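**Student:** Have a look at this one.
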Amino acid sequence: MLLLRPPATSALDANAAHTVDATPSITSGLTGMSVMQTVRATLPWLSVLLVFLIIVTYE
C-alpha cells in the first residue's frame, strides 16, 4: 500500500518533505545494515589500505 504525505502547508513543512530519515551512518543507511555490520564488512579493505600506507611511508 502506498502511503502519501499530505500537502505542505508552510515553508517548514515543505523543507521537511525533502529530508531523509536520520541514520547513524550514510553507508549503513544505504546498505540497510547496522553500523557494526558495516564496519566488519569494511575491515578487510581497511587492513589492505593500512598495510599499503605503512609500506609507502616507511620505504
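The values are calculated or read from the model by the stated rules, or taken from the named source; none is laboratory data. Since we're looking at a predicted model, the values are computed, not measured. Here the Cβ is made from the backbone with ideal geometry for all residues, glycine too, and neighbour counts use every protein chain on show.
**Student:** Might you let me know whether the stretch 21-34 holds any residue that is at pLDDT below 55 and surrounded by fewer than 12 Cβ atoms within 10 Å (Cβ to Cβ)?
**Tutor:** yes
**Student:** What number of residues in the stretch 49-59 are assigned to a helix (DSSP H, G or I) and surrounded by fewer than 10 Cβ atoms within 10 Å (Cβ to Cβ)?
**Tutor:** Residues that pass the stated criteria total 4.
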